[in-house]
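The values are calculated or read from the model by the stated rules, or taken from the named source; none is laboratory data. None of these values were measured; they are calculated from a predicted model. All Cβ positions, glycine included, derive from the backbone under ideal geometry; neighbour counts span all protein chains shown.
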């Protein structure tokens, strides 16, 4: 995955939080501390990096948008809980942040 070579920004794993995401985007031109790409889009839109992703990956991103609350109860088993990535659930592999107006910040972590 894209985040394997990062250096932890904190000494322990932590949940993705919006202030950390905003700092990362400002400092790295659209990348999270894990080196994954971040893209914030209005409802119904999906990130540009999914154009080259497999059909299965695109399907999983659609599922994550529609079923984010369900994915929050499914642990991530792909090493995403390391200090560089800080995922607490499978939902964090697809969506970094949801806004009250419906916009979503996607992460490229699960795109392939």
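Among residues belonging to the range 73-100 that are part of a loop (DSSP other than H, G, I, E, B) and at pLDDT 80 or above, point out the one that is surrounded by the fewest Cβ atoms within 10 Å (Cβ to Cβ). Full working, then the answer.
Residues of the range 73-100 that are part of a loop (DSSP other than H, G, I, E, B), as a first pass: 73-89, 94, 99-100.
This time we only want the ones that are at pLDDT 80 or above, so: 73-75, 89, 94, 99-100.
Details: 73: 9, 74: 12, 75: 11, 89: 17, 94: 23, 99: 12, 100: 5.
Applying the filter and picking the extreme gives 100.
No other residue among 24, 64, 57 is part of a helix (DSSP H, G or I) and modelled with pLDDT under 85 apart from 24.
Is it fair to say residue 47 is surrounded by 16 or more Cβ atoms within 10 Å (Cβ to Cβ), modelled with pLDDT of 90 or more and closer than 13 Å to residue 105 by Cβ? So residue 47 fits the description; yes.
Evaluation of residue 9 against the conditions (1) modelled with pLDDT of 75 or more; (2) in a loop (DSSP other than H, G, I, E, B); (3) surrounded by fewer than 16 Cβ atoms within 10 Å (Cβ to Cβ) shows that the sole unmet condition is (1).
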